[in-house]
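Please treat every number below as a calculation from the coordinates, not as lab data. Bear in mind the structure is a predicted one, so any value in this text is a computation, not a measurement. All Cβ positions, glycine included, derive from the backbone under ideal geometry; neighbour counts span all protein chains shown.
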Amino acid sequence: MDRRDFIKQSCIGSIVACVSVSGFSSCRILSGIARTPEIPPEAIVFSNNEVTILLNKVPELKKVGIAYKLATKSEKKLIIVHSDDKQAPYKVFENSCSHGGSELELSRNMLRCPSFGHSKFDLKGEVLKGPAQEKIRSFPVNLNGDKITVDLT
Ligand code: FES
């Protein structure tokens, strides 16, 4: 083994040791940041186990291919997607990758984790690509005119 190989192997060994000792998955260490905007507070109405989104206060969400995130009073993080599904255009999911909990972002017609593992989910919440193994939770949505009501039970 020459000097260059020795240094290279020592560095790789040190990184592996640090990751192992810290107990974190590589996703947590090399975490990306989702760029999904937040719904403005004036567009959200909370009541019991529902949250209503007022589309006239967040008109950008009327466009197909747009996503926003919001946090409920119980600190549950959600992501709402306006998909091209004509029957049920709005989809709401827990905004947390089932692999390591990173917030998700809409990428074309799927939800993508910006963390190192880059798990992908379809717009039913099913895993398209790991390392995530479990689907992400989705919530029933009712669209009534300019109001989207999300059942959080
Ligand atoms: S947190 Fe690891 S792939 Fe999402």
Exercise. What are the ³J(HN,Hα) values, in whole Hz, obtained from phi via the Karplus relation 6.51 cos²θ - 1.76 cosθ + 1.60 with θ = phi - 60°, for each residue of the stretch 40-48 in sequence order, with x given for Gly and Pro?
Worked result: x, x, 5, 9, 10, 10, 9, 8, 6
Problem set entry | ³J(HN,Hα) computed for each position of the stretch 95-112 - Karplus, 6.51 cos²θ - 1.76 cosθ + 1.60, integer Hz, glycine/proline x | 8, 7, 4, 6, 7, x, x, 5, 5, 9, 9, 7, 9, 6, 10, 8, 9, 10
For this session: Give the span of the stretch 46-153's Cα atoms along each principal axis, as three whole-Å numbers ordered largest to smallest.
Result: 38, 29, 20
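Most exposed first by the Cβ proxy, i.e. fewest other Cβ within 10 Å, how do ILE39, ILE44 rank?
Details: ILE39 21, ILE44 18.
In order of increasing Cβ crowding within 10 Å: ILE44, ILE39.
With r as the distance between the Cβ atoms of ALA71 and SER107 and R0 = 22 Å, compute the FRET efficiency 1/(1 + (r/R0)^6) and round to 0.05.
Values: r = 21 Å, r/R0 = 0.98.
Using R0 = 22 Å, I get an efficiency of 0.55.
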Exercise. Mind checking the dipole of the stretch 31-151: about its Cα centre, +1 per Lys or Arg Cβ, -1 per Asp or Glu Cβ, Debye to the nearest 20?
Worked result: 220
Problem set entry | Added length on full extension, which subtracts the Cα-Cα distance from 0.36 nm per residue, VAL64 to LYS86 | 6.9 nm
For this session: Rank these for me by crowding, SER115, SER47, going from fewest to most other beta carbons within 10 Å.
Result: SER47, SER115
Problem set entry | Other-chain or far-sequence residues with amide H under 5 Å of GLU50's (modelled H) | LEU152
For this session: Determine the gain in length on full extension of the stretch PHE46-GLU126; use 0.36 nm per residue of separation and subtract their C-alpha separation, reporting nm with one decimal.
Result: 26.0 nm
